[in-house]
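Q: Below you'll find the structure I mean.
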Amino acid sequence: AALEAPGASGCLLDGHVPDLLPEDDEGAVEYKWRLVRPSPDRFLQLVTQMKFRLLEGNGECIYEIGVTDDGRRRGLPPDLLATSLETLDRMARELGAETSVVRQAPGHDGYVAQVLVRNVPQSLEDGLDLRCVVVGHVDVGKSTLCGVLTGHGALDNGRGLARAQIFTHKHEMESGRTSCISQQIMGFSPSGEVVNYTNVRQMTWTDVVQRASKVVTFFDLAGHERYLKTTVFGLTAHAPDYCMLCVGGNMGVLRMTKEHLAIALALKIPTFVVVTKVDIAPEQVLDQTLTHIQKLLKSPGARKLPVLVKGPEEVTLCAQNIANDRIVPIFQVSNVTGQGLDLLKAFLNLAPSRRNWQEFRDAASEFSIDETFSVSGVGTVVAGTTISGSITAGQFLRLGPDGNGNFTKIQVKSVHYKRTPVKRVVAGQAASLALKKVKRSSVRKGMVLLDAAIQPGCVWEFQAEVLVLYHGTTIRENYQPVVHCATIRQAAKVISIDSDVVRTGDRA
């Protein structure tokens with residue numbers, strides 16, 4: 001929406017050409033020149049229009065006040081702008097939503113404002129859940145960045161304070177390297193503030209989830225080459241909305257950076273880049289790193305449009321367009337000084353959900369399993385993502401397939417969402433389910449739980465179109481790769497290919 005319009009007027013605001021593209025009748029962005037004392041009938045029309053925009057944006061939308069339908073930033077005098085914002089707030093309250101002004105800027109004949117409208121969730125099912133996988137080379141500060149963003153508001157001390165709350169194993173604390181997938185959450189209130197930041201103590205997940213209307217879940221993945229299969233599993237299994245690629249400002253673009261970027265591009269996950277450690281990176285090294293990243297993103301293999309984020313103007317532009325998977329925002333941050341973190345938080349607050357999970361909520365239940373546990377006093381617990389429908393405590397489901405391709409009928413004992421006990425979870429939510437009278441040895445990653453009414457079938461063989469991104473040797477019949485497909489990680493064998501040999505860059 002907020003891209004430079006073709007043939008836009010050459011007027012510069014904040015050093016930018018400000019005029020927007022003409023308004024789209026669909027989507028979660030609405031232009032309004034003025035909302036000054038509308039009649040009761042007109043007010044009802046405006047409320048209905050806002051309801052539609054909120055549905056399009058999964059519970060949040062952006063209003064551009066002072067902008068005409070053709071995208072021209074005409075602007076309003078300060079008194080009329082204030083009246084328009086009051087009217088917008090009344091409209092939002094009619095729908096149980098809240099407004100927050102993201103940005104005000106000069107227009108052609110006055111001022112324009114960009115306003116975020118967000119639903120106040122009535123239950124945990126109504127909240128917006130955004131998933132973000134964090135990748136990058138080893139030692140670039142991925143876990144530290146997650147610790148600073150999801151902590152209680154304190155910055156890092158430069159010696160591993162922030163990452164200590166992310167690590168789950170003793171050997172990770174000793175080496176400072178992540179080896180397993182760690183999840184952390186960051187909550188935004190309806191008005192756009194981060195609810196985690198108390199500056200006193202670490203809030204529990206239950207506190208964050210109950211206070212937030214939008215929750216961003218970070219999946220902190222491993223950067224070391226040895227743990228690449230764990231990283232690939234994290235990118236495929238957790239249905240991420242976005243990928244946050246971390247690059248060390250003092251280290252530059254390294255081999256695993258390119259590897260992780262290639263996987264994210266192949267999986268078509270919209271990506272944004274965070275350059276860390278800008279406080280200790282020499283200026284010329286940081287410039288080289290930024291130039292290299294931009295060159296890499298513009299290369300024929302990626303064909304992306306890199307945008308260096310330096311202020312609120314770029315934040316809103318990137319947030320509205322990143323879901324199209326065309327632009328790649330580049331942020332520069334320091335976890336020690338806090339430089340650039342405000343822009344990153346503002347972007348995460350505005351970034352829209354990529355999938356409309358509402359469409360899948362009335363379908364038959366399906367839950368993909370990505371982790372299994374045995375909890376003393378509870379029994380077997382499975383964690384994963386609800387792909388469609390809903391799952392309720394006490395519900396009967398089919399678990400499978402086992403080694404013979406069969407499904408067994410099981411019952412769900414209890415349901416947890418973000419470490420909070422709930423009655424049910426719906427499509428798009430990650431959850432953990434306690435299963436009745438099921439041995440942990442009979443459950444493995446990649447299995448699914450299906451609605452009891454479904455009669456599922458299983459296959460040993462399948463046809464696939466394969467693009468070889470990179471391979472050191474040729475691929476022939478009887479080659480044995482490992483297939484990563486959603487939560488499945490399974491060795492397979494090539495039975496037949498439509499050409500004799502396949503090499504790097506070939507399709508078959």
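Q: Rg over Rh of segment 134-236, using C-alpha atoms and the Kirkwood radius, what does it come to?
A: 0.99
Q: With only Lys, Arg, Asp and Glu charged, each at its Cβ (+1 for the first two, -1 for the last two), find how big the charge dipole of segment 328-379 is about the Cα centre; round to the nearest 20 debye.
A: Around 220 debye, computed over segment 328-379.
Q: Further question on the same structure: Per the Cauchy relation, a quarter of the hull surface: what is the mean projected area of the convex hull of the alpha carbons in segment 170-311, in nm²?
A: Approximately 10.8 nm², given one-decimal rounding.
Q: Now, a different point. Regarding segment 402-460, what's the average projected area of the Cα-atom convex hull, expressed in nm²?
A: So the Cα hull casts an average projection of 5.1 nm².
Q: Let me ask you something else. Report the Stokes-Einstein translational diffusion coefficient (µm² s⁻¹, integer) for segment 338-463, Rh taken as the Kirkwood radius over Cα pairs, at 4 °C with viscosity 1.567 mPa s.
A: 81
Q: While we're looking at this one, here's another question. Can you give the Rg and Dmax of the chain based on its C-alpha atoms, in angstrom?
A: Considering the chain through its Cα atoms, Rg and Dmax are 24.3, 74 Å.
Q: Still on this structure: Taking amide hydrogens as modeled 1.01 Å from N in the peptide plane, which residues meet the under 5 Å criterion relative to residue 328, leaving out close sequence neighbours?
A: Under 5 Å from the amide H of residue 328 lie the amide H atoms of 305, 307, each far enough along the sequence or on another chain.
Q: Still on this structure, please answer the following. Note down the magnitude of the dipole of segment 102-258 about its Cα centre, charges +1 on Lys and Arg C-beta and -1 on Asp and Glu C-beta and zero elsewhere, to the nearest 20 debye.
A: 420
Q: How many percent of DSSP beta bridges within the chain run antiparallel, rounded to 5?
A: Roughly 70 percent of the beta bridges in the chain run antiparallel, per DSSP.
Q: Same structure again: Please compute, for the alpha-carbon atoms of segment 321-408, the extent along each of the three principal axes and give them in descending order in Å.
A: On the principal axes, segment 321-408 reaches 52, 35, 26 Å in Cα extent.
Q: Considering only 146, 224, 176, whose Cα is most displaced toward the positive end of the charge dipole of segment 128-280, charges sitting on Cβ of Lys, Arg (+1) and Asp, Glu (-1)?
A: 224
Q: Can you give me the % of accessible surface on the chain that is carbon or sulfur? Probe 1.4 Å, all protein chains present, nothing else counted.
A: So the carbon and sulfur contribution to the accessible surface is 50 percent.
Q: Do any of 214/258; 409/445; 142/418; 268/295 go past 28 Å between their Cα atoms, and which?
A: Over 28 Å Cα-Cα: 214/258.
Q: May I ask you to work out the translational diffusion coefficient for segment 398-508 at 10 °C, viscosity 1.306 mPa s, via Stokes-Einstein with Rh from the Kirkwood sum over Cα pairs, reported in whole µm²/s?
A: 92
Q: Moving on to the next point. Which far-off residues, 5 or more places away or on another chain, put their amide H under 5 Å from the one on residue 222, with H placed in the peptide plane?
A: 231
Q: Determine how large the accessible area of residue 195 is when every protein chain is in place; take a 1.4 Å probe and give Å² rounded to the nearest 10.
A: Estimated to the nearest 10 Å², residue 195 gives 20 Å².
Q: Now for a different question. List the trypsin sites (Lys or Arg not before Pro) in segment 76-166 that DSSP assigns to loop (not H, G, I, E or B) and whose Cβ has at most 13 other Cβ atoms within 10 Å. Which are they?
A: Of the trypsin sites (Lys or Arg not before Pro), the ones in loops of segment 76-166 whose Cβ has at most 13 other Cβ atoms within 10 Å are 159.
Q: For helix 255-266, report the angle its Cα long axis makes with the longest principal axis of the Cα atoms of the chain; keep it between 0 and 90° and round to the nearest 10°.
A: Between the helix axis and the principal axis of the chain, the angle is about 80 degrees.
Q: On a 0 to 90° scale, report how tilted helix 40-56 is relative to the longest principal axis of the chain, with both axes built from alpha carbons and the result rounded to the nearest 10.
A: 30
Q: Based on the Kirkwood radius over alpha-carbon pairs, what is the Stokes-Einstein translational diffusion coefficient of segment 362-417 at 4 °C with 1.567 mPa s viscosity, in µm²/s?
A: Here the translational diffusion coefficient equals 105 µm²/s.
Q: Then there is this: Report the convex hull volume per residue for segment 246-304, counting only C-alpha atoms, in Å³.
A: Hull volume over Cα atoms, normalised by residue count, gives 68 Å³.
Q: Also, quick follow-up: What distance in nm lies between label points placed 7 Å from Cα along the C-beta direction at residue 157 and residue 24?
A: Here the answer is 4.7 nm between the modelled labels.
Q: Now for a different question. To the nearest 20 debye, what is the magnitude of the charge dipole of the chain about its Cα centre, counting +1 on the Cβ of each Lys and Arg and -1 on the Cβ of each Asp and Glu?
A: Here the size comes out at about 1820 debye.
Q: If the chain between residue 468 and residue 414 were fully stretched, how many nm would it gain, using 0.36 nm times the residue separation less the Cα-Cα distance?
A: 15.1 nm
Q: Another question, if that's okay. For segment 453-471 and segment 94-136, what is the centre-to-centre distance using only Cα atoms, to the nearest Å?
A: 39
Q: Please compute the Kirkwood hydrodynamic radius over segment 151-197, one decimal place, Å, based on all pairs of different Cα atoms.
A: 12.3
Q: Okay, moving on. Taking residue 170 as the anchor, which aspartates and glutamates have their alpha carbon closer than 17 Å to its alpha carbon, excluding any fewer than eight residues away along the same chain?
A: Cα-Cα hits under 17 Å: 220.
Q: For a paramagnetic label modelled at 7 Å from the Cα of residue 453 toward its Cβ, which residues of segment 347-390 fall within the zone defined by backbone nitrogen distances under 11 Å?
A: It comes to 363-365, nothing else.
Q: I'd like to check one number: the per residue accessible area of the chain, probe 1.4 Å, reported in Å² as a whole number.
A: For the chain, the solvent-accessible area averages 48 Å² per residue.
Q: Which of the chymotrypsin sites (Phe, Trp or Tyr not before Pro) across segment 398-463 are loop residues per DSSP, with 12 or fewer other Cβ within 10 Å?
A: Sparse-neighbourhood loop chymotrypsin sites (Phe, Trp or Tyr not before Pro): 460, 462.
The values are calculated or read from the model by the stated rules, or taken from the named source; none is laboratory data. All of these numbers come straight from a predicted model, not from anything done at the bench. Neighbour counts run over all protein chains shown; Cβ positions are idealised from the backbone, glycine included. SASA here: full protein model, heavy atoms, side chains in, ligands and nucleic acids out. Shrake-Rupley method; radii C 1.70, N 1.55, O 1.52, S 1.80 Å.
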